[in-house]
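No lab work stands behind these numbers, since they all come straight from the coordinates. Bear in mind the structure is a predicted one, so any value in this text is a computation, not a measurement. Quick reminder, even Gly has a Cβ in these numbers, built from the backbone with ideal geometry, and neighbours come from all protein chains shown.
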Amino acid sequence: MGNEKPRNVIIGLILSLCSISLFFVVAEIAVRFLYPGIVPTTMYDWSLRHAGYTLQKPPNTFRIVVLGDSFTFGMGVKKEETFAYRLESLLNSKSSETRVEVINLGFLDLNTVQELIVLTQKGLNPSTWSVDSGYYGLAYQPDMVLVEYTLNDVTSTKRFLLEDLLPNQRRFKNGHLAIQYNSGPYALPLPNRIDMFLTNNSRFYLFFLGRYTQILARLGLREGGNSAIVDTIEKYNENYPGWIYVKQALYGMANIAKQKEIPIVLIAYPYMELLDKYPYKMVHKKVCDTANTLGFYTHDLLPAFEGLDVESLRVNLIDHHPNARSHEIAAADIFTYLKKERLAPR
C-alpha cells in the first residue's frame, strides 16, 4: 500500500503529459488543415526580385525601376505574384512594339531615405545578397521610377545604412529568413531558442501568436489598436524628424528624375487593416500632396481596396503583408493609372 500512492502519482503525471501532447498534436494537425496559409517564413520565397535583369538595357525596352519596402518585395508571396511582376505582364500584354521591364528593387525594412540610396548609390547584388555599388537603380537605365510608399516609412527613417537592413533581429541563412513574431510589448516570456524552434516548426504556435496579437491590438497594446493609429498619425506632424527625412528623400528623388528627364511616380499602398473605416486617409492625402508638389506623379491605391475584407488580402493570420490577391488588385490599379496618365508605352 505504501508504494501505491507514488505509483499513482507517476501514472497520473504520465497520463497528463500524454493528454497534453495529444492536444498539441491534434491542434497542430487541425491548424495545418484549416489554415494552410499559415507557414513559417523559412518557407517563403526570399529570392531577390531583380534577379535575371541585366544592368545594360536591351534595345526597344522601356524600363521601370520600382523602389519600396516589404510590400514591394512581396513578403509572403512568390516573385511572380508581386505587383511589380504582374504590372510587367499587364504592360507587355498591351504593348507590342516595345518590351517593358519592371525591375523590383524593393526589400524588407527599406525606408524612403534608404530607397534614395538604392536609386543613386548601391543596392543588393542578386547573386550574393551583399550590398553592392554596382546594383543601384539608375544603373539599370530606367525610363521611369516608381516609388511604393508605406506609412511606416516615417517611423523607420533613423536607419540610414543599407548594411543594417538584413539582420534587424532576423536570422539570415542560405537565402531564407526566419522571422521572430513573438516580439514587442507583452511578448510571451519564452527563451529565444525555444521561441524560434516553435516559430519555424509549429503552425499551431503561429496561429496562437496571431490570435494573441489580435487581442493585444483590440486592447490598444499592439499595432492595429487605437493608440497605434494615433501614434502613426502624429508622426506626420510637420516637425516630426521622420517626416522631415521622408520629405528630404522625396525631394532628392524628384530632382534626380528631373535631371534624367524621366517621370517619377509615388504609389501610396494602404495597410491591410480597417479598410471599411480606414483611419489614415488624410495621411495618404498628405503624402501624395507633398510628393505632387515636389514633382511626382502620385496615385493612392486606397480606393481600390476600400470596403474589402482584410482577411482576404493578408498573407495569413499572423503576417499582415499583402497577399497574392492584394498584389493583383494593386497591379491592375497601377496599370490603369499609368495608362490614363500616358506614362507607359502604348
- When Glu80 is evaluated against the numbered criteria (1) free of Cβ contacts under 8 Å to residues at least 40 places away in the same chain; (2) farther than 24 Å from Thr336 by Cβ, which criterion, by number, is the only one it fails? (2)
- Those residues that are outside any helix (DSSP H, G or I) and either of a type in the set (S, T, N, Q) or touching a Ser or Thr at 6+ places or on another chain (Cβ under 8 Å) (or both), I need them from the stretch 178-209; list them, please. Ala178, Ile179, Gln180, Tyr181, Asn182, Ser183, Ser202
- Message: Filter the stretch 292-337 down to the residues that are closer than 16 Å to Phe71 by Cβ and hydroxyl-bearing (Ser, Thr, Tyr) and list them by number.
- Response: Ser326
- Task: Starting from the stretch 325-341, take each residue that is under 15 Å from Leu302 (Cβ atoms) and list its partners that are buried (at least 22 other Cβ atoms within 10 Å of the Cβ) and of a type in the set (Asp, Glu), counting only C-beta distances under 9 angstrom and pairs at least six apart or across chains.
- Result: Ala330/Glu148
- Note on the structure: For the stretch 38-91, the count of residues that are under 30 Å from Phe197 (Cβ atoms) and among the basic types (Lys, Arg) equals 3
- Message: If I filter the stretch 68-114 down to residues being assigned to a helix (DSSP H, G or I) and hydroxyl-bearing (Ser, Thr, Tyr), which single residue comes out as surrounded by the fewest Cβ atoms within 10 Å (Cβ to Cβ)?
- Response: Ser93
- Task: Out of the residues in the stretch 285-317 that are under 20 Å from the mean Cα position of the chain (by Cα) and touching a residue at least 60 places away in the same chain (Cβ under 8 Å), state the one that is farthest from Pro263 (Cα to Cα).
- Result: Leu317
- Message: Please verify whether Leu87 is touching a residue at least 12 places away in the same chain (Cβ under 8 Å) and not acidic (Asp, Glu), treating the condition exactly as stated.
- Response: yes
- Note on the structure: Selection from the stretch 235-249 of residues aliphatic (A, V, I, L, M) and under 18 Å from Tyr280 (Cβ atoms) yields Val246
- All but one of (1) in contact with a helix residue (DSSP H, G or I) (Cβ under 6 Å, 6 or more places away or on another chain); (2) within 22 Å of Lys79 (Cα to Cα) hold for Glu311, so report the exception by its number. (1)
